[in-house]
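Chemist: Dumping the structure here so I can ask a few things about it.
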Amino acid sequence: KQWYQRRVAITAGALCEVREHIIATGDDDGVIKLWDTRIPTAIMSEPEHSNYISAIATDDSGSTLLCTAGDGMLSVWNSRQRKLIARSDEGNTELMTCDVVRNNTKVVCGDSEGVMNVFSWDNWGDISDRIPIQKEVCIDKVVKYSDEVILMGCMDGIVRATTLFPHHSLGPIGDHDSEPIEGLCVTHDESQIISVGQDFMMRAWSTARLNNEIEEVLNGKDANALSHKESESESEEKDEEKEDTHTRKKRKQISVQEVKAQQAAQFFDGL
């Protein structure tokens with residue numbers, strides 16, 4: 001009650017709900033703060049980055065905090081112990097957005113040059129993969145849609161999607177008439193994608209067409225995997241046939257040698 005009776009000055013370019021009562025903010029000076037909504041002062045304040053904080057995300061438990069910044073680095077924090085875990089190497093481009101995907105094993109970070117940078121969990125020094133999305137088009141927002149698919153809000157006003165591992169670009173979901181996308185989320189029933197742009201419009205896009213396209217892509221991937229498995233099975237069968245043929249020839253050679261040896265023994269026995 002006291003929290004809402006006081007006015008607290010927070011200059012935040014990024015905000016994220018970490019867990020119950022705990023929120024994280026990042027400001028234009030590169031300072032990351034943790035707040036307890038029951039206390040009117042920050043419970044953590046760390047000036048870790050040399051440029052603005054662009055986005056904050058957490059893992060499913062809210063224990064790990066991930067922050068991207070204009071200095072091109074990703075910082076990783078333990079939100080319960082309120083300390084830095086790791087910081088990536090400085091990149092050549094600004095990191096604009098991030099989210100956790102693939103069952104908390106990967107972190108995707110969109111940059112100012114239209115590339116999705118992928119970090120593997122616990123290997124924070126350098127990226128493990130790069131996914132080119134749209135050349136020289138800033139990716140302002142990334143949101144996990146599923147373990148296989150991510151959504152992106154871009155500077156050119158287009159809401160895009162791509163599959164992960166392998167990477168397959170999906171058709172555009174919608175656009176804001178060339179105005180940059182500021183916000184992106186999926187409704188609780190996953191029936192719509194909500195986007196907010198600098199055109200001062202909030203728009204809703206049906207996920208039906210996206211789901212159909214995802215199904216086609218994944219079925220194609222499953223078919224390729226099955227075909228590859230069948231090829232491996234055929235190859236194994238051929239190898240087994242070769243081994244059987246070689247074994248039969250070897251047995252035949254041994255049998256011939258045994259017969260000759262028996263004939264020789266019988267010849268000498270008769271002398």
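The values are calculated or read from the model by the stated rules, or taken from the named source; none is laboratory data. Everything numeric here is computed off the predicted structure, so don't read it as measured data. Cβ coordinates were reconstructed from backbone atoms using ideal geometry, including for glycine residues, and neighbour counts include every protein chain displayed. Just so you know, the surface numbers come from the protein's heavy atoms only, side chains and all, with ligands and any DNA or RNA stripped out. Shrake-Rupley method; radii C 1.70, N 1.55, O 1.52, S 1.80 Å.
Chemist: Would you point out which residue out of Arg82, Arg102, Arg87 is open to solvent by 40 Å² or more (accessible area, probe 1.4 Å), over 19 Å from Gly30 (Cα atoms), out of contact with any helix residue (DSSP H, G or I) (no Cβ under 9 Å at 6 or more places or on another chain) and in contact (Cβ under 8 Å) with a residue 12 or more places away in the chain? Spell out the reasoning first.
Modeler: Details: Arg82 fails: over 19 Å from Gly30 (Cα atoms); Arg87 fails: over 19 Å from Gly30 (Cα atoms).
Criteria check complete, one pass: Arg102.
Chemist: Can you name every one of the strands (runs of 3 or more DSSP E) wholly within the range 142-251 that holds 1 or more residues which are over 23 Å from the mean Cα position of the chain (by Cα), modelled with pLDDT of 90 or more and more than 27 Å from Val118 (Cα to Cα)? Reasoning before the result, please.
Modeler: Working: elements: 149-154, 158-163, 168-175, 181-186, 192-197, 202-206.
Filter on the range 142-251 gives 202-206.
Chemist: While we're here: Specify the residue that is surrounded by the fewest Cβ atoms within 10 Å (Cβ to Cβ); the eligible residues are those in the range 41-69 that are part of a strand (DSSP E or B) and of a type in the set (Val, Ile, Thr). I'd like the intermediate steps shown before the answer.
Modeler: Here is the first cut: in the range 41-69, the residues part of a strand (DSSP E or B) are 42-46, 53-58, 64-69.
Within this subset, residues satisfying the condition of being of a type in the set (Val, Ile, Thr) are 43, 53, 56, 58, 64, 68.
Numbers: Ile43: 11, Ile53: 27, Ile56: 25, Thr58: 21, Thr64: 20, Thr68: 31.
Here the residue is Ile43.
Chemist: Something else about it: Filter the range 126-146 down to residues that are aliphatic (A, V, I, L, M) and under 15 Å from Ser195 (Cβ atoms) and give me whichever is most open to solvent (accessible area, probe 1.4 Å).
Modeler: Applying the first criterion (aliphatic (A, V, I, L, M)) to the range 126-146 yields 127, 131, 133, 137, 139, 142-143.
Then drop every residue that is not under 15 Å from Ser195 (Cβ atoms), which leaves 139, 142-143.
On the way: Ile139: 1, Val142: 4, Val143: 21 Å².
Ranking the qualifying residues of the range 126-146, first place goes to Val143.
Chemist: Still on this structure: Which one of the conditions (1) more than 10 Å from the chain's Cα centre (by Cα); (2) surrounded by fewer than 19 Cβ atoms within 10 Å (Cβ to Cβ); (3) in contact (Cβ under 8 Å) with a residue 24 or more places away in the chain does Asn123 fail to meet, given that it meets all the rest?
Modeler: (3)
Chemist: Does the range 173-197 hold any residues that are without any contact (Cβ under 8 Å) to a residue 24 or more places away in the chain and either hydrophobic (A, V, I, L, M, F, W, C) or surrounded by 14 or more Cβ atoms within 10 Å (Cβ to Cβ) (or both), and which are they?
Modeler: Answer for the range 173-197, where residues must be without any contact (Cβ under 8 Å) to a residue 24 or more places away in the chain and either hydrophobic (A, V, I, L, M, F, W, C) or surrounded by 14 or more Cβ atoms within 10 Å (Cβ to Cβ) (or both): Asp175, Glu179, Gln192, Ile194, Val196.
Chemist: In the range 147-172, what residues are of a type in the set (Ser, Thr, Tyr) and open to solvent by 40 Å² or more (accessible area, probe 1.4 Å)?
Modeler: Of all residues in the range 147-172, those of a type in the set (Ser, Thr, Tyr) come to 162-163, 169.
Matches in the range 147-172: Ser169 only.
Chemist: Moving on. Please give the number of the condition Gly157 fails out of (1) out of contact with any Gly (no Cβ under 8 Å at 6 or more places or on another chain); (2) free of Cβ contacts under 8 Å to residues at least 60 places away in the same chain; (3) closer than 28 Å to Ile193 by Cβ.
Modeler: (1)
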